Amino acid sequence: MQQEILRVNQISKLFGPGAEQGVNLLEQGYSKERLAKEKNLTVGVNRVSLEIREGEIFVIMGLSGSGKSTLVRMLNRLIEPTGGEVLFHGRDLRKMSKSELREVRRKSISMVFQKFALFPHRTVLENVEYGLEVQRVAKSERRSQALSSLELVGLKGWEDRYPDQLSGGMQQRVGLARALANDPEILLMDEAFSALDPLIRRDMQDELVELQDKMKKTIVFITHDLDEALRIGDRIALMKDGELIQIGTPEEMLTQPADRYVERFIEDVDLSKVLTASRVMRRPETVTLDRGPRVALELMRERGISNLFVIDRAKRLLGVITAEDASQILKSGGGLQDILITDGPCVSPDTLLNELFEVTSSARVPLAVVDDQQRLLGVIVRGAVLGALAGEVNSKKEVGEHELLA
C-alpha cells in the first residue's frame, strides 16, 4: 500500500465578507445557494476531504466552476483556505510561517500551469534554471540539474533556443522541466495540457505517464476532460459545485458510479479502453501434471467444463488440456504431458479489453491471465469480454461450460 503524502480534511474556500462565518453555516446545513442569497458568499470548495498517496497520479476532474482549480491551489496555499487542514507529511500548511511555506513551494511542491509562463528573453536552459537561480543554487549545480530535467522531458539539444522557436508542446515540456529541476516530491498540474492540440496533448499524456514511471513523483493533475483523466489517472476525484462526488480508480468510476451525475458523466466512455483483464477474469479450474487423464476427465465432468489449466505446485502455468484430448490419451495409455497445450494465449492482468478481442476470437481455449512469475491468476472467455462491455462485470462468477465454449 502506498504511503500517504498529502491529505486535506474538510477544506473549504468561500469568497466574500465574513467567509469564516460561512464555513460554520455550511456545517450547520446552509446550502451554497442560501449562502449566496442571504450572506452574499460564494462557495468555491465545500468541505472536501481526500488523501493523496506517494507515487500516484491523482486526477481531480470536473466541469468549469466545479472548484477543481481552486482546490489544487489550496494544496500549496496559492489560495488561502477558509477552513480545514492541508497536511503535507502530517504538517499543516495552514500553520506554517511564510518562510516555511516558501521553502515547501520551492523544494517540495512544484506547480505547472496551463499557461506556459516562460520568459521570452531567456533561453530554454535559462528558463529551466530560473527556480534554482532564485534559490541561489550555484551556477554549475543548477545548470547540471536543468540539463538533466531537459533530457528527461525529451528536449536535449534545445537548450539554447528561445520559447518563440518552440511548438506549444515543446514549451509545455520546458515548463515541466522547470518544475522537475527542483526535484519536488509533488507536482501540481492545473489543466497543463488543455491548450495543446489534440495529437500533441495525447503525446504529452503518454510522456507524463512514462516520466512518472521513471521518477515515481506524486502528481496531482487537474482536468475537465474525462478521457484524459481515465488515460493517466491512478485514481480520480470528481467534483461538482465545489463538492467531492466520488473518488476511485478509473475502473471503479466506470463500473460503480456513485450517483446519477457520475453515470451521466461517464456514459459515453469506451469501456474497452479502460477495463482490464483483471476485471473480467474468472476463477480458473486447474489440475497438476501428476494427475492422470482419468482424474482430469472426472474433474471436467463434475464442473461442467471442457478444459483444465495445468499448473505446478507453485501455481505457475504449464499449459491447458481439453476433454477431447484427455479422452483420446486415456485410450492409448499416455499421460497429461502428452496432450499439454503449451502455446495457449496468455495476458497480464493489466491488459486492456480492446487488446483482447482478436486473441479471444481465434483462441481454441480460454485466455490465461498470469503475473510476472507466470502464476495463473484467472481465465477469460469471449463471453466475459462482451459481457463486461455491456456492463455485466462480475469477477467472482462461476464459469459454466457454455461460457468456456462461447
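The values are calculated or read from the model by the stated rules, or taken from the named source; none is laboratory data. All values derive from a computational prediction rather than experimental measurement. Don't worry about glycine lacking a Cβ; one is built from the backbone with ideal geometry, like all the others, and counts go over all protein chains shown.
Okay, here's what the table says:
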read-out: In the range 115-156, residue modelled with the highest pLDDT [restricted to those that are farther than 17 Å from residue 176 by Cβ and in a loop (DSSP other than H, G, I, E, B)]; value: 121
read-out: Among residues of the range 264-292, those that are out of contact with any strand residue (DSSP E or B) (no Cβ under 8 Å at 6 or more places or on another chain), assigned to a helix (DSSP H, G or I) and either more than 30 Å from residue 357 (Cβ to Cβ) or in contact (Cβ under 8 Å) with a residue 40 or more places away in the chain (or both), counted; value: 3
read-out: Failed criterion for residue 337 (all others in (1) surrounded by 15 or more Cβ atoms within 10 Å (Cβ to Cβ); (2) assigned to a helix (DSSP H, G or I) hold); value: (1)
read-out: One residue from 213, 206, 183 being closer than 22 Å to residue 105 by Cβ and at pLDDT below 85; value: 183
read-out: Test: residue in the range 329-344 that is in contact (Cβ under 8 Å) with a residue 24 or more places away in the chain and touching a Lys or Arg at 6+ places or on another chain (Cβ under 7 Å); value: yes
read-out: Selection status of residue 104, among the β-branched types (Val, Ile, Thr) and in a helix (DSSP H, G or I); value: yes
read-out: The range 126-153: number of residues that are over 17 Å from residue 105 (Cβ atoms) and surrounded by fewer than 17 Cβ atoms within 10 Å (Cβ to Cβ); value: 7
read-out: In the range 216-230, the residues that are farther than 24 Å from residue 257 by Cβ and either surrounded by fewer than 19 Cβ atoms within 10 Å (Cβ to Cβ) or at pLDDT below 85 (or both); value: 216
read-out: The range 186-202 - residue that is aliphatic (A, V, I, L, M) and closer than 30 Å to residue 3 by Cα and, of those, surrounded by the most Cβ atoms within 10 Å (Cβ to Cβ); value: 192
read-out: Yes/no for residue 378 being surrounded by fewer than 20 Cβ atoms within 10 Å (Cβ to Cβ) and not acidic (Asp, Glu); value: no
read-out: Matching residues in the range 253-263 - criterion: being surrounded by 15 or more Cβ atoms within 10 Å (Cβ to Cβ) and in a helix (DSSP H, G or I); value: 253, 254, 255, 262
read-out: Search result, residues across the range 228-247 that are touching a helix residue (DSSP H, G or I) at 6+ places or on another chain (Cβ under 7 Å), among the charged types (D, E, K, R) and part of a strand (DSSP E or B); value: 240
read-out: Residue in the range 314-334 that is under 39 Å from the mean Cα position of the chain (by Cα) and in a loop (DSSP other than H, G, I, E, B) present; value: yes
read-out: For residue 23: the one exception among (1) in contact (Cβ under 8 Å) with a residue 60 or more places away in the chain; (2) aliphatic (A, V, I, L, M); (3) within 21 Å of residue 220 (Cα to Cα); (4) out of contact with any helix residue (DSSP H, G or I) (no Cβ under 6 Å at 6 or more places or on another chain); value: (3)
read-out: Index of the failed condition, residue 44 passing every other in (1) more than 21 Å from residue 14 (Cβ to Cβ); (2) in contact with a Phe, Trp or Tyr (Cβ under 8 Å, 6 or more places away or on another chain); (3) in the same structural domain as residue 10 (by TED's automatic domain parsing); value: (1)
read-out: Complete set of residues in the range 38-91 that are surrounded by fewer than 16 Cβ atoms within 10 Å (Cβ to Cβ), polar (S, T, N, Q) and either under 15 Å from residue 189 (Cα atoms) or out of contact with any Pro (no Cβ under 8 Å at 6 or more places or on another chain) (or both); value: 42, 49, 64
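One line per residue, one yes/no per condition, for (1) in contact with an Asp or Glu (Cβ under 8 Å, 6 or more places away or on another chain); (2) of a type outside the set (A, V, I, L, M, F, W, C); (3) at pLDDT 85 or above; (4) not assigned by TED's automatic domain parsing to the domain that holds residue 234:
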site	(1), (2), (3), (4)
250	no, yes, yes, no
260	no, yes, yes, no
310	no, no, yes, yes
326	no, no, yes, yes
343	no, yes, yes, yes
349	yes, yes, yes, yes
356	no, no, no, yes
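Residues are listed down the side, and each one gets a yes or a no for (1) on the phi > 0 side of the Ramachandran plot; (2) out of contact with any Leu (no Cβ under 7 Å at 6 or more places or on another chain); (3) without any contact (Cβ under 8 Å) to a residue 60 or more places away in the chain; (4) assigned by TED's automatic domain parsing to the domain that holds residue 76:
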| site | (1), (2), (3), (4) |
| --- | --- |
| 154 | yes, yes, yes, no |
| 168 | no, no, yes, no |
| 177 | no, no, yes, no |
| 197 | no, yes, yes, no |
| 213 | no, yes, yes, no |
| 223 | no, yes, no, yes |
| 227 | no, yes, yes, yes |
| 236 | no, yes, no, yes |
| 240 | no, yes, no, yes |
